[in-house]
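A short worksheet on the structure shown next.
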Amino acid sequence: MQSKKITGLILGLKPLGELDRIVLVFSLEYGNLRVIAKGVRKIRSHRGFHLDILREVCMELEGTSTGENLYLREVSTTNPFKIMKSSPMNFAAAAIVASFLLKVIPEKNPQKR
């Protein structure tokens, strides 16, 4: 299994079963990524706090040998964007931009600009 560190912006979260989530992350090095976060919906999970929409995070990911799935090992918040989230109008505009990025930018395609 391969391990890599990325810095990216969380654009979306989807539930996966009872305790897991799929995290949709945008990074400049890898483009849009789908990361499986196992057990983050548990009450005692320390990683669940960092996984919130429109938050810049530093992640350590582990990939399978076939390269299909990426699993979250560690996560820490680098920028929570508190000022943007304090105003409902700003947050709504940012959420629209995030949904636009998810639809327009292809998965696993690096973005140089």
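Numbers for the structure displayed
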read-out	value
Residue in the stretch 44-64 that is charged (D, E, K, R) and touching a Phe, Trp or Tyr at 6+ places or on another chain (Cβ under 6 Å) present	yes
The lone exception for Glu29 - which of (1) part of a strand (DSSP E or B); (2) surrounded by fewer than 18 Cβ atoms within 10 Å (Cβ to Cβ) it fails	(1)
Sole residue being touching a helix residue (DSSP H, G or I) at 6+ places or on another chain (Cβ under 9 Å), more than 17 Å from Pro110 (Cα to Cα) and either among the acidic types (Asp, Glu) or not in a loop (DSSP other than H, G, I, E, B) (or both), chosen from Arg73, Arg21	Arg21
Residues (part of a loop (DSSP other than H, G, I, E, B) and at pLDDT 90 or above) located in the stretch 32-53	Lys38
Among the candidates Val35, Val97, Val40, Val75, residue that is touching a His at 6+ places or on another chain (Cβ under 8 Å), without any contact (Cβ under 8 Å) to a residue 40 or more places away in the chain and not hydroxyl-bearing (Ser, Thr, Tyr)	Val75
Failed criterion for Phe91 (all others in (1) more than 15 Å from the chain's Cα centre (by Cα); (2) open to solvent by less than 50 Å² (accessible area, probe 1.4 Å) hold)	(2)
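The values are calculated or read from the model by the stated rules, or taken from the named source; none is laboratory data. These numbers were taken from a predicted model, which means no experiment stands behind them. Here the Cβ is made from the backbone with ideal geometry for all residues, glycine too, and neighbour counts use every protein chain on show. Accessible surface is based on the protein model in full, side chains and every heavy atom, while ligands, DNA and RNA are left aside. Shrake-Rupley method; radii C 1.70, N 1.55, O 1.52, S 1.80 Å.
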